[in-house]
Amino acid sequence: MQGIALALAAGFAVAYLARKWRFPSIPFYIIIGIVLGTTGLNVIHESETAAYLAHMGLLFLLFTMGLHLRPRDVLARKGSFVRAGIIDFAVNFAVGLGAALLLGLPLYEAVVIAAAFFISSSAMALSSLIENRKLGFRESETVVWLMVFEDIVLVLFIILLAATQGGTVSIITATLVFIGACYGLVHLLKDPIRRLFSREDEVPLLFVVTAVLLAAYFSSLAGVPDSLTVIALGSALSMVSQDAPAAIARPFREVFMVLFFVFFGVSVQFTGALSPLLLLGLGVLAILSKLCSGLIIGRLLHRSSLSGVEIWSDTAARGEFSIALAAIYGSAMVSSTVAALVVITAFAGGFTGMYSARIRSALRRGIRRKDARKN
Amino acid sequence: MDFHHLSLPGIGTKYELETEEGDIISVVYMESGKVQIYTRGGACNEYCSAELNAMEARRLGNVLTGAIIEAEQEGVEIAFSALADLRISVHTYIIGKNLSGRSIGEMDIRSKTGVTVLAVSREGENTVNPRPSFVFGAGDAVVVIGEADQIKRFEKEILG
């Protein structure tokens, strides 16, 4: 318990300061874990209880992510949503995979790193849009829906990575059956569920927590990753209600996620990891790769490179989903690489998100000066 | 005029209005209950923004719909289009120590001033349409309704 209390106390201080300075807290949680864990001061150790609570954080994170994947909304989006998503995926996954293979990593680990390299932090992107008052910009819509597209790709990655660990057909079949059952059950019971969420007692809270834990329990029976079953559950429930289950899950997510990040930091081993210079290079490459995809999307969707810069500024940071992939499927080498990737890009992303208006103004002035010189 | 809305998963719903003058006003209802408003003049590239809590958003909404003619610190005056010249004021006050322990009936509020006490809030508990036997306590928040001159009379004769 001492380690959990210490992790939460440090997490509380970080969250307080990060809110004060309007800066992302995720990289600091990981740094706390590295500094206080076995790699650093050795005051926080991994334990079964901590691992269980951290896993709860991951489940509630993915459950709330699923709540944002409302089938009706996703299916209504066509054209630009898919085009932007595919560009984002093609550029960043290819660059990430190429870099990981060049560094000599085996294919499986290279794919995990490439996926972590591709997936931006939805938490940081959305919070940047809100905190930095960018929701009026037309690019904000593109950023929000890019995050949704990335979430869908994350689901595919989880299926793919789980399938490569054995029993490809059985895992895919069980996954599809579970997803279908979730949607079917929620559709059949939509009225009772709706009535349940309108109650003001403890029943809706118990329902949500039980449903999440039951979905995780089912996964252990069916051999489907629990990360998938909770996403499917969230997406199915979103057909009936998004706000009520999201409000219930939020406190669990916020508290247990801190433990998830800190204990991820604790588990990171830098012995045998890539050299600091290579890690820094990979982080910089990840930032440039998002700039590249952002510019293409900006030119294509908004006919403006400056729009691309705006999209990049909010999506450069990698975070919770990259860590989640590394925690579920990564080796020690992958974990240390992704930890460094997240810390570097999240710091850079914090600044680009905050100062994107200035970056755009400076670029606009630069373009005008260049045009004036030409004339 | 162009008006449309779109869903922003993880954030809320955005409503965007383009006026005939070409100005753009965006209102984002966030899942947190807060509301962000963005305005951009037609010829200008920059947005101006404001963030409102739920109560501020409701007040602004009332102003925009034209329901409020006068907005004081804690009072609103409402005009009903169906009732010519009828302007009703709704006002809130905090009860001071001087009225603590006295009941609505004892002070004869309605007969003396014409004002009706609509509701009293005490430590988070609301009493709607309190009976004449309701006894005030210091710190109670009361909501009264009446015409502007009746409200003034209430302030002068009852609150002192």
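The values are calculated or read from the model by the stated rules, or taken from the named source; none is laboratory data. As the structure is a computational prediction, the values presented were derived from the model and not from experiment. When we count neighbours, we look across all protein chains shown, and the Cβ atoms used for this are built from the backbone with ideal geometry, even at glycine. Accessible surface is based on the protein model in full, side chains and every heavy atom, while ligands, DNA and RNA are left aside. Shrake-Rupley method; radii C 1.70, N 1.55, O 1.52, S 1.80 Å.
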Under a 1.4 angstrom probe, counting protein chains only, how are A:312, A:145 ranked by accessible area, largest first?
A:312, A:145
Give me the compactness ratio for the protein assembly as shown, meaning the Cα radius of gyration over 2.2 N^0.38 Å.
1.16
What residues of segment A:317-338 lie in the reach of a label at residue A:107, counting those whose backbone N is under 11 Å from a point 7 Å from the Cα along Cα→Cβ?
none
Under a plain spin-label model, where a point goes 7 Å from the Cα along Cα-to-Cβ, how far apart in nm are residue B:153 and residue A:46?
7.9
For chain A, which longest stretch is free of loop sites, where a loop site is one of the GluC sites (Glu not before Pro) that DSSP puts outside H, G, I, E and B and that has at most 12 other Cβ atoms within 10 Å?
A:1-199
Excluding same-chain residues fewer than 8 positions from residue A:20, which aspartates and glutamates have a Cα within less than 12 Å of its Cα?
A:131
Residue-normalised 222 nm signal for chain B, counting each DSSP H run of n ≥ 4 as -39,500 (n - 2.57), nearest 500 deg cm²/dmol, is -4000 deg cm²/dmol
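Helix-only estimate, please: 222 nm mean residue ellipticity of chain A, summing -39500 (n - 2.57) across DSSP H runs of length 4 or more and dividing by its residues, to the nearest 500.
Result for chain A, helices only: -27500 deg cm²/dmol.
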Working with all protein chains in place, sort A:170, A:121 by solvent-accessible area computed with a 1.4 Å probe, largest first.
A:170, A:121
Can you tell me the length gained on complete extension of the stretch residue A:131 to residue A:1, counting 0.36 nm per residue apart and subtracting the Cα distance?
43.4 nm
Computed label-point distance, nm, for sites residue B:58 and residue B:138 using a 7 Å Cα→Cβ extension:
2.9
Surface accessible to a 1.4 Å probe, residue B:14 within the full protein complex, Å²:
10
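Do any GluC sites (Glu not before Pro) in segment B:108-160 lie in a loop, going by DSSP, with at most 15 other beta-carbon atoms within 10 Å of their beta carbon, and if so which?
Listed in order of number, the matching sites are B:123, B:147.
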Checked against the positive end of the charge dipole of segment A:4-130 (+1 on Cβ of Lys and Arg, -1 on Cβ of Asp and Glu, about the Cα centre), the farthest of A:68, A:7, A:36 is A:68
With every protein chain present, what accessible area does residue B:93 have (1.4 Å probe, heavy atoms only), rounded to the nearest 10 Å²?
30
So what is the accessible area of the protein assembly as shown per residue, in Å², with the probe set to 1.4 Å?
49
Once the piece of chain linking residue A:363 and residue A:214 is laid out straight, how much longer is it, given 0.36 nm per residue of separation minus the C-alpha distance between them?
48.5 nm
Residue A:199 to residue A:270: extension gain in nm, 0.36 nm per residue of separation minus the Cα-Cα distance?
20.6 nm
Each label sits 7 Å from Cα toward the beta-carbon; between residue B:126 and residue A:164 the label points are separated, in nm, by 5.7
Convex hull volume of segment B:2-65 per residue (C-alpha atoms, cubic angstrom):
89
Please work out the FRET efficiency for the pair residue A:374 and residue A:299, using the Cβ-Cβ distance as r and a Förster radius of 30 Å; give the result to the nearest 0.05.
0.90
Please say if segment A:166-281 is rounded, prolate or oblate, where rounded means a/c under 1.5 for a ≥ b ≥ c the square roots of the C-alpha gyration tensor eigenvalues, and otherwise the choice is prolate for a/b larger than b/c and oblate otherwise?
oblate
Roughly how big is the A-B contact, given as buried accessible area in Å² (both sides, 1.4 Å probe, nearest 100)?
1600
Residues of segment A:119-166 losing 30 Å² or more of accessible area relative to the isolated chain, 1.4 Å probe, heavy atoms only?
A:126, A:130, A:133, A:135, A:136, A:137, A:141, A:144, A:145
Roughly speaking, to the nearest percent, how much of the protein assembly as shown's 1.4 Å accessible area is carbon and sulfur?
61
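What do you reckon, how do A:91, B:35 stack up by accessible area (1.4 Å probe), largest on top? Please list the in-between numbers first.
Working: A:91 30, B:35 5 Å².
Per-residue accessible area, sorted high to low, gives A:91, B:35.
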